[in-house]
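Right, one structure below, let's go through it.
Any read-out appearing in this document is the output of simple, stated calculations on the displayed coordinates, not a laboratory observation. Keep in mind the model is a prediction, meaning the values are calculated, not measured. Cβ coordinates were reconstructed from backbone atoms using ideal geometry, including for glycine residues, and neighbour counts include every protein chain displayed.
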Amino acid sequence: MLAFIVKRLVMLVVTLLVASLLVYGSLYLAPGNPIATLTGGRAPSPQVVAQLNAQYHLNDPFLVRYWHWLVAALHGDLGQSIPLHESVSTLIGQRIGVTASLVLLTSIVIVVIGVGLGVVGALSHGTIDNGVLISSTVSAAMPAFAAAVVLQFVFAVKLPWFPALGDGNGLLDSLHHLILPALALAASSVALVTRVTRAAVREELEREHVQTAVSRGLPRRTILRRHVLRNAAIPITTVVGLTIASLIALSAVVETAFGLNGLGSYLVQAAQNKDFAVVQGISLVLVVLFVVVNTLVDIAYALLDPRVAIGSRAQ
Amino acid sequence: MTALLRVEDLTVRLALNDKPREVITGTTFEIDAGEAMGLVGESGSGKSMTARAIARLLPQGAEVTGRVTFDGVDVLALAGSELRAHRSHVAVVFQDPRAHINPVRRIDDFMTESLRTLDDVPRPEASRRAAQALEEVGIDDPSKRLRQYPHELSGGMLQRVMIATALLSQPRLLLADECTTALDVTSQSEVMAILDELRRERGLSMLFITHDLELAGAVCDRTCVMYAGQVVETRTADRLHADPLHPYSAALVQARPDITSAAHRLVAIPGRPVSAFEAPTGCRFAPRCLHATDDCRSHEQEMTGLDNGRVRCERALHLRGALLEPRPHA
Amino acid sequence: MSIPVGSALPTGAVPEEPGPDTVATPGDPRPVKTRLLPRLGVGGWISVAIIAVAVLLAIFGPLVRPYDPNEVTLSYANVGPLGGHLLGFDGAGRDLLSRLMVGARTTLLGAALVSIVAVAIGSSLAVASAWFGGRLDTAVSSGLDVMFAFPGILLAVLAAAVFGPGLLAAGLALAMAYSPYLARVLRGAALKERAMAYIQAGEVQGFSSWWLCFRHLLPNISSLIVAQGTIFFGFAVVDLAALSFLGLGIQPPQADWGVMVSEGKTPLLQGYPLEALAAVACIVLVVSAVSFLGERLQERSTGAQR
């Protein structure tokens, strides 16, 4: 088990190194010279050019420049936003709270509603199960921005229960502002989680080892807990984990739709403004988070299913 | 001596493709305390379902009529805690051990689960008993095995674990449902030997389900032969082998190749085995029987006593002794 | 973008034991169970109908639209259905119905290109990986592992920042982001197929790798390829529309469903939801139909694989 975790962590570091290289290197894919890209096509003064050359070591070989950038990034310095004259890290720090809260709230919605409905659907028959299936089909068809627009119209314009745009001030108000975005972000993901949960639990109920437990006279609640749900937790955890990972990028859409001042919406603005240092910085942060979450999912899978890490040594 | 298990006129209908289909018809037999009964038949004969009916493991939507009595208690009417108590008296050993053990829990957890959950035995004591049970089924280094996961053990070992677990709850009746069919031949004979020895040691009753007539004869006192959901013959094992009364039993005996003599052609029963709901009226075996007459095809056959056993064939007396004669190969 | 979780789970693809022993003659392709008109059921045929309408619009939209989608008449901004304008006007006074009809083209064609490219890359990598195995397989798998680190939208945003917003950059980025998932799923199926007796018989008989791959291996995983391609087409529609919504894909004032949702947001907040909601409805209908069809095809392909 330990060997497995170490292996996965090594893969994590390697992947992140290569990914960071790609993120950094994409700057040089842009047509034109790096300085033009960094300044977003704005004509820089000679002092700015000199400063940029020094800061980005633009006279050094590529890998050296990459290395400087990476080392700085690990120390928390992601460079400067040229249009805004502010440190990228500061800009990120101001906005990461909103994104983190949004993703957290959405994750809670997905787990509680998705897994909850899935289990309910699997353990019941007839009308309740059909209801679960139908509602999950409906929400599956709503990609995030579609759900955002519909929710905004129904619950912010027609029925003024929630604010349509903005972050809000203070804890409770911020939460109020995050509810519609969280629901929009969760919509299509919930459907997938519900379906997978329902299928997984249904499948476990039919398994022979559950029959064995029944034949030994164990109480139904014990069987559900220790055998059905415990085993179904493997695919369920995987799909929940991967879904949460996808939220990291998808938040950009919802933040833009609801006018939230988060990392995702800022990334989009920076891309439009060609504020390249910011794009690189936020991309790096998002990629790191994405890969870390994926690795955690792999490790969780191995913890839940001993066949993965330990392997078969049948004699 | 009152029988430990009594099955009377058991009829089971299953919901197959949303239609109720009969799979067992009017089955009757009994097992005494300490007796091993073999239940032999081909696929579709209803033998597995009979075991499941006794263990109350029938699938959802099954309709059951008749009586199943265990130690005087009506099994089919049990519910709740009484049903769970019944389950500890009747232990089941299933066919494919790898599918029947939870793959994400350790062997120790599997073996001690009912002791800990139902009998409130503390974990160390339960593990101790489990280790002892593993030794009895011939597994070395039991403490190491207990810490392992099922995928780390071979099929034969897992089946021994199943048997050891079944015996932990100190049952009075063991239902072995084709428990060696999924194993290779060597493991098969080892597992059978262990099962037989332990059963005799503890005076357990056993219902041994198999498609192998000779295997049943080796470990059982009496044998029931089932066809198309009905019991067609019940005899002591060796009598059944030497002098089968029902044409189907005789055909099963003949079908097994004998390594002591040469044969030009393997003997097979013409046609294919049917389930109860596919069977014709009249004698269900008639379409495949070489001795059938029009009377057979038109009359429902009843069980009659003959030679210390029972047989479901009107012509049994008439055919006695002639069933094992070499037949002309068509 | 909903993730293709089925493919993202650890595959550990172990090739199955070769199937029942039928004498294989690689001269004739192994019979693949296909029916010309599969049993789709009511839902399936509705999906096909919706997709057919969308495709027709994509091809003929600009020809059959009643009014000029770009003609601005500000005095009619956000006016509801009026005269021949069945859906009224959008926020800039342009005929809504015409814009919807014309918008089908960019939405669907873009997504089609993305999924075709992704399928091409994914299946090439998968078959090459499965066929040659060994170090090529390891190298490809490692490369794909890195690509998995980039969610599609992120890659598209990066591409937009580097190359400027537009369909090409966004489309290629999405195709590259999808390829690893496709490659993973198809690699598993290709490995299974590779291990089958008829392929090995062909190798022994001396048929070339190219011939075996194209004549035998690919056709037998083709139903899976088509199914996955359909599913990813659905993702592409959603992702491209989302990118256009963000302003990084198709640019306004071009008529495109994603752009229309973005442009329709302000009128919606003012109480004129028709533009945004109509565009959303179109997207949702097409995506539902495509997903439904894709799932059916997937079920059929795994059935035929057995």
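Report the convex hull volume per residue for the stretch B:1-120, counting only C-alpha atoms, in Å³. Could you put the intermediate results ahead of the total?
Working: hull volume 17.7 nm³, N = 120.
Spelled out: Cα convex hull of the stretch B:1-120, divided by residues, is 148 Å³.
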Sparse-neighbourhood loop hits (trypsin sites (Lys or Arg not before Pro), the stretch B:195-289; DSSP loop; Cβ within 10 Å at most 11 others) -> B:ARG265
Once phi for every residue in the stretch A:3-17 is put through the Karplus expression 6.51 cos²θ - 1.76 cosθ + 1.60 (θ = phi - 60°), the whole-Hz ³J(HN,Hα) values, with Gly and Pro written as x, are 4, 4, 5, 4, 4, 5, 5, 4, 4, 4, 5, 4, 4, 5, 4
Here the longest stretch of chain C that holds no GluC sites (Glu not before Pro) in a DSSP loop having at most 15 other beta carbon atoms within 10 Å is C:72-306
Per GNM of chain B with C-alpha springs under 10 angstrom, the most fluctuating residue out of B:LEU167, B:LEU153, B:LEU266 is B:LEU266
Using the Kirkwood formula on alpha carbons, the hydrodynamic radius of chain C in angstrom works out to 21.2
Calc'd 3J(HN,Hα), the stretch B:78-86, phi into Karplus 6.51 cos²θ - 1.76 cosθ + 1.60 (θ = phi - 60°), Hz, glycine/Pro = x, comes to 5, 8, x, 5, 5, 5, 5, 5, 4
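Kindly state, to the nearest 0.05, the FRET efficiency for C:VAL48 paired with A:LEU133, given R0 = 22 Å and r defined as their beta-carbon distance.
Numbers: r = 22 Å, r/R0 = 0.99.
So, using R0 = 22 Å, E works out to roughly 0.50.
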Note on the stretch A:135-181: contact order normalised by length, alpha-carbon pairs under 8 Å, 6 or more apart, percent, works out to 29
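For the protein assembly as shown, give me the percentage of DSSP beta bridges that are antiparallel, rounded to the nearest 5 percent. Before the final figure, lay out each step's value.
Values: 33 of 51 bridges.
If I count the DSSP bridges inside the protein assembly as shown, around 65 percent turn out antiparallel.
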Measuring from its Cα centre, the protein assembly as shown shows a charge dipole (+1 at each Lys and Arg Cβ, -1 at each Asp and Glu Cβ) which, in debye to the nearest 20, is 700
Cα-based Rg and Dmax for the stretch A:82-241, in Å, come out at 20.3, 71
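Translational D (Stokes-Einstein, µm²/s) of the stretch A:58-97 at 10 °C and 1.306 mPa s when Rh comes from the Kirkwood sum over C-alpha pairs? Intermediate values should be presented prior to the final figure.
Working: Rh = 11.1 Å.
D, rounded to a whole number, is 143 µm²/s.
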Taking the alpha-carbon centre of each part, the distance from the stretch C:183-243 to the stretch C:81-154 in Å is 19
The value for the stretch A:179-315 (convex hull of the alpha-carbon atoms, volume per residue, Å³) is 128
With the 8 Å Cα cutoff and a minimum separation of six or more residues, chain A has a relative contact order in percent of 26
Listed residues A:GLN47, A:GLN80, A:GLN152; largest mean-square fluctuation, Gaussian network over chain A with Cα springs below 10 Å, found at A:GLN47
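Kindly give the semi-axes, whole Å and largest first, of the ellipsoid equivalent to the stretch B:61-142, taking each as the square root of 5 times a Cα gyration tensor eigenvalue.
Whole-Å semi-axes of the equivalent ellipsoid: 29, 16, 13.
I need the fraction of alpha carbon pairs in the stretch C:195-239 separated by more than 17 Å, rounded to a whole percent. Show your work: numbers first, answer last.
Details: 458 of 990 pairs.
Tail of the P(r) past 17 Å holds 46 percent of the pairs.
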Trypsin sites (Lys or Arg not before Pro) in the stretch A:210-315 lying in a DSSP loop, each with at most 16 other Cβ atoms within 10 Å of its Cβ, come to A:ARG313
Only helices counted: for the protein assembly as shown, with every DSSP H run of 4 or more residues adding -39500 (n - 2.57) and the sum spread over all residues, [θ] at 222 nm is -18500 deg cm²/dmol
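At R0 = 56 Å, how high is the FRET efficiency between C:PHE214 and B:VAL185 if r is their beta carbon distance? Nearest 0.05 is fine.
Working: r = 45 Å, r/R0 = 0.80.
Efficiency at R0 = 56 Å is approximately 0.80.
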Binned at 5 Å starting from 0, the alpha-carbon pair-distance distribution of the stretch B:141-256 in whole percents comes out as 2, 10, 20, 19, 18, 14, 8, 4, 3, 1, 0
Residues whose built amide H sits under 5 Å from the amide H of B:TYR227, excluding neighbours closer than 5 in sequence, are B:VAL232
Connecting every pair of Cα atoms under 10 Å apart in chain A and solving the GNM, the largest mean-square fluctuation among A:TYR266, A:TYR301, A:TYR28 falls on A:TYR28
The alpha-carbon pair-distance distribution computed for chain A, with 20 angstrom bins and whole-percent values, is 26, 48, 23, 3, 0
Within 10 Å of the Cβ of an average residue in C:157-168, the count of other chain Cβ atoms is 6
Taking placed amide H atoms and a strict 5 Å upper bound, the residues 5 or more places from A:GLY166 or on another chain that come that close are A:GLY259, A:LEU260
Per residue of A:286-295, other chain Cβ atoms within 10 Å number on average 3
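Calculate, in whole percent, how much of the Cα-Cα pair population of chain B lies beyond 37 Å.
Values: 11216 of 54285 pairs.
Roughly 21 percent, once rounded to a whole number.
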Across all Cα atoms of the stretch A:159-245, Rg and the largest Cα-Cα distance (Dmax), in Å, are 19.4, 58
Under 19 Å by backbone N from the virtual spin label 7 Å along Cα-to-Cβ at C:ALA195, the residues of the stretch C:116-136 are C:126-136
So for R0 = 56 Å, FRET eff. of A:ARG225-C:LEU136 from the Cβ-Cβ r, to 0.05, ends up at 0.75
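Would you mind calculating the relative contact order of the stretch B:188-313 from Cα pairs under 8 angstrom and at least 6 residues apart, reporting the percent as a whole number? All intermediate terms of the calculation are to be shown ahead of the outcome.
Details: 140 pairs, mean separation 28.0, N = 126.
Over the stretch B:188-313, the number comes to 22 percent.
From the P(r) of the protein assembly as shown, could you give the percentage of C-alpha pairs in the tail past 48 Å?
Numbers: 184042 of 451725 pairs.
The share of Cα pairs beyond 48 Å in the protein assembly as shown comes to 41 percent.
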For the stretch C:174-306, one quarter of the surface area of the C-alpha convex hull, expressed in nm², comes to 9.8
Distance in nm between B:GLU8 and A:MET1 label points, each 7 Å along Cα→Cβ, equals 5.5
Note on the stretch B:101-173: C-alpha Rg/Rh, Kirkwood Rh, two decimals, gives 0.93
